[in-house]
Amino acid sequence: MELKLPQTIVGYADITRVIRLLSSREELFITAAAKKQVLSQPDDKALLDLANLNKVDLMDQAVCRQLREALQKLVPQMPKFHISFAVEPSSQVTETIVTWLRSNIHPAALLGVGLQPTIGAGCILRTPNRVFDLSLKSYINRQDEFLLQLIKGAVSGN
């Protein structure tokens, strides 16, 4: 099953929550069959978006199992990125970054977002084996010599 991830599934926590919901739904099918009850559609937006994007029916127990198994197989292969910002990014910013990662890096890329107020502005991007410091703090630190020369020039009147 070739899975597409909706924009509502952003990070690792989202994917594990959806897997748990699918597992719980499988158990609900068994309980409902024993009690001769009818299950309703799930109300989780990420799960519904996943089902709609992949054109699957969450009212079918076998489909829920296949979807859960496919996600469980995909999780270890998903590239995981973490971005730290000085302030909490809007959902539009997060969605834009996830869209870019999934269209340019990997269709199942996951993004974790964190806060690090000391960076001033910009962001710090972490992958499992690299760190890209795109913060204002880092930029200013790289300009120490130039800033010192400017200050010395201003003090000496040149």
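Annotations for the structure displayed:
- On inspection, Pro42 passes the criterion of being surrounded by 14 or more Cβ atoms within 10 Å (Cβ to Cβ) and farther than 28 Å from Gly114 by Cα.
- Flag for Leu115 being of a type outside the set (Asp, Glu) and modelled with pLDDT of 90 or more: yes
- Selection within segment 94-110 - in a helix (DSSP H, G or I) and not acidic (Asp, Glu): Thr94, Thr96, Ile97, Val98, Thr99, Trp100, Leu101, Arg102, Ser103, Asn104
- Criterion applied to Asp43, Asp57 was being at pLDDT below 90, of a type outside the set (Phe, Trp, Tyr), farther than 30 Å from Ile83 by Cβ and not assigned by TED's automatic domain parsing to the domain that holds Ser103, and the one residue passing it is Asp57.
- Residue list for segment 17-34, filter: touching a residue at least 40 places away in the same chain (Cβ under 8 Å) and within 27 Å of Trp100 (Cα to Cα): Val18, Ile19
- Candidates in segment 111-127 are the residues that are in a strand (DSSP E or B) and more than 12 Å from the chain's Cα centre (by Cα); of these, the one that is nearest to Pro79 (Cα to Cα) is Arg126.
- Candidates Leu71, Leu3, Leu53, Leu21: the one that is more than 20 Å from Val113 (Cβ to Cβ), surrounded by 15 or more Cβ atoms within 10 Å (Cβ to Cβ) and under 15 Å from the mean Cα position of the chain (by Cα) is Leu71.
The values are calculated or read from the model by the stated rules, or taken from the named source; none is laboratory data. Just so you know, these numbers come straight off a predicted model, no measurement behind them. Methodologically, a virtual Cβ is constructed for each residue, glycine included, from the backbone with ideal geometry; neighbour enumeration extends over all protein chains shown.
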